[in-house]
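This report refers to the structure that appears directly beneath it.
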Amino acid sequence: MSSENGRAALARPQAQPPLQREQARTIFQKGAPGRRAFECPVADVPQPEGEELLPARMRRRRPPALPEVSEPELVRHYVQLSKRNFDLDSGFYPLGSCTMKHNPRLHERVAALPGHARLHPLQDGERAQGALQLMWELQQALAEIAGLPHVCLQPSAGSHGELAGVLLTRAYHEDRGEQRRKVLAPDTAHGTNPATVTMAGLELVKLATDARGGVDVEDLRAKADPDVACLMLTNPNTLGLFEPNIEEIAAIVHGVGATLYYDGANLNAVMGISRPGDMGFDIVHFNLHKSFTQPHGGGGPGSGPIAASERIAPYLPRPLVSCREDGSFALELEGPKSIGRLRGFHGNYGCFVRAYAYIRSLGADGLRDVSEAAVLNANYLLAKLRERGVAEYLPLAYGELCMHEFVLSGAPMKRALKVRTLDLAKRLLDFGFHPPTVYFPLLVEEALMVEPTETETRETLDAFADAIAEILQEAAADEQLAAGAPYSTPVRRLDEVSAAKRPVIRQAL
Ligand SMILES: Cc1ncc(COP(=O)(O)O)c(C=O)c1O
């Protein structure tokens with residue numbers, strides 16, 4: 001290249017400035033041979049005569065190709081990566097059904113106390129009495145919230161709790177000599193419900209939704225037969241509506257000898273107000289990482305304890321934590337009818353500590369306040385959106401009011417402004433908001449599911465309503481704008497289907 005050409009190239013604006021190009025490199029592409037963030041001390045473990053610490057057959061032929069970077073490079077790399085993501089600590093995250101609420105920092109401090117954080121999962125229960133007490137008290141608190149007497153903390157997520165619940169139902173029926181094959185779930189159900197049914201080897205039967213957005217009771221009556229093992233339901237449902245016919249539904253389900261399962265993902269709307277056990281549910285799962293605050297998302301550790309009625313209790317997974325007569329605590333390992341273990345050790349203990357701290361710091365009245373504020377915030381936002389004239393393009397899919405979340409339909413917006421719900425969601429990123437859940441529940445055309453949670457201020461809710469109104473206004477002036485969004489994020493519009501189906505999670509070196 002001549003020097004003139006070189007100067008011209010330098011003067012031309014480059015597609016990606018040098019610093020951003022550098023930041024886009026993977027950790028494996030950074031650094032230099034021999035560069036270190038940490039020096040390992042030389043091993044001082046005495047080596048037995050004639051023996052190697054690690055036999056040669058267990059060693060790699062070549063050392064692993066680890067990144068060789070300095071500490072500042074390492075720190076910058078991960079801090080830059082973290083800044084490229086959207087997180088709850090930087091902004092509003094109204095992802096419907098997921099309850100992305102603020103996680104009080106106090107709980108992090110409690111969970112990080114060495115007595116909790118450094119507890120070994122194989123520690124003898126007699127020497128971990130404090131941890132067992134915490135688990136037992138959490139079991140008691142969750143039992144009270146669910147209105148069911150027995151709790152097992154083991155499952156690691158809501159979906160894992162669902163699996164436990166369906167396996168419990170199967171065990172209950174088999175113990176009575178019945179091989180029931182079908183599980184009923186409404187067509188608004190979260191995708192994990194049908195997946196759980198299939199995983200448990202049972203057959204899913206969908207129930208229709210009626211004009212109010214609840215279970216179509218006549219359809220239930222027609223499908224409830226002696227081959228039904230259980231009905232899985234979330235209440236409020238995924239349309240953000242409380243099921244007013246729940247007692248009648250419970251009577252129909254119990255009438256054919258089936259059980260009623262409560263998907264507790266929406267418990268944030270009813271804590272301390274109504275209890276699934278009182279509604280007639282036999283088994284409940286909690287998403288500790290939603291209603292009881294935990295950092296979650298991105299596959300992070302979750303916790304999905306289950307509560308059960310007396311008749312289901314014998315089948316609960318083991319171990320359970322029990323309180324002996326002398327006030328000490330024990331891990332109950334045996335249970336002749338138990339469905340067994342669902343995972344190693346005792347569950348995600350760190351999640352138990354955070355949930356326990358949350359429940360204890362709020363108390364019963366505080367939990368009720370949480371749910372009331374969550375419902376108030378959702379209805380406030382709904383009213384604000386109506387006030388801003390949004391309802392013409394994004395009407396509420398069912399009903400007039402909502403519980404802790406609501407589902408809008410973007411169908412009129414798509415017809416009138418050529419803006420799909422996906423485009424609106426992407427454009428919200430340019431306004432600094434994480435988009436709500438889109439295209440779920442499936443029965444709502446162009447669904448937009450908004451869950452503001454109780455931890456957001458009125459100012460944030462107003463700003464969000466303003467942003468939606470502004471996006472609709474700009475769409476009326478320029479049809480293409482939303483279709484190209486986002487414009488301000490480190491990466492623009494991604495091919496999300498390929499990312500999910502064909503993930504490239506490592507780069508060839
Ligand atoms: C209604 C509903 N049920 C079940 C689940 C599954 O919970 P988890 O993600 O903890 O497995 C979710 C998760 O978002 C949900 O929203």
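The values are calculated or read from the model by the stated rules, or taken from the named source; none is laboratory data. Quick caveat: nothing in here was measured; it's all calculated off a predicted structure. Glycine also receives a Cβ, built like all others from the backbone with ideal geometry; neighbour counts cover every protein chain displayed. For the accessible areas, the whole protein counts, side chains as well, though only heavy atoms, and no ligand, DNA or RNA atoms are used. Shrake-Rupley method; radii C 1.70, N 1.55, O 1.52, S 1.80 Å.
Odds and ends about this structure:
- Within the stretch 420-509, helices (runs of 4 or more DSSP H) holding 1 or more residues that are farther than 17 Å from Leu382 by Cβ and in the same structural domain as Glu392 (by TED's automatic domain parsing): 421-430, 458-477
- Residue in the stretch 363-373 that is over 22 Å from Gln133 (Cα atoms), out of contact with any helix residue (DSSP H, G or I) (no Cβ under 8 Å at 6 or more places or on another chain) and within 16 Å of the ligand (Cβ to nearest atom) present: no
- No other residue among Gly300, Gly327, Gly304 is within 16 Å of the ligand (Cβ to nearest atom), modelled with pLDDT of 95 or more, in a loop (DSSP other than H, G, I, E, B) and more than 30 Å from Lys414 (Cα to Cα) apart from Gly304.
- Residue match in the stretch 194-207 (condition: touching a residue at least 60 places away in the same chain (Cβ under 8 Å) and assigned by TED's automatic domain parsing to the domain that holds Ile273): no
- Applying a threshold of 7 Å to beta carbon distances and a minimum spacing of six or more residues, or different chains, the list of pairs starting in the stretch 56-85 at a residue that is under 22 Å from Arg506 (Cβ atoms) and ending at one that is in a helix (DSSP H, G or I) reads Pro67/Ile27; Pro67/Phe28; Val69/Ile27; His77/Ile27; Gln80/Gln23.
- Looking only at the stretch 154-171, and only at residues there that are in contact with a Pro (Cβ under 9 Å, 6 or more places away or on another chain) and of a type in the set (S, T, N, Q), the one that is farthest from the ligand (Cβ to nearest atom): Gln154
- The residue that is nearest to Arg506 (Cα to Cα), counting only those in the stretch 1-39 that are open to solvent by 90 Å² or more (accessible area, probe 1.4 Å), at pLDDT 85 or above and of a type in the set (A, V, I, L, M, F, W, C), is Phe28.
- Considering residues of the stretch 272-284 that are surrounded by fewer than 24 Cβ atoms within 10 Å (Cβ to Cβ) and touching a residue at least 40 places away in the same chain (Cβ under 8 Å) only, the residue nearest to the ligand (Cβ to nearest atom): Met279
- Selection within the stretch 180-230 - among the charged types (D, E, K, R) and touching a Lys or Arg at 6+ places or on another chain (Cβ under 7 Å): Asp187, Glu203, Asp227
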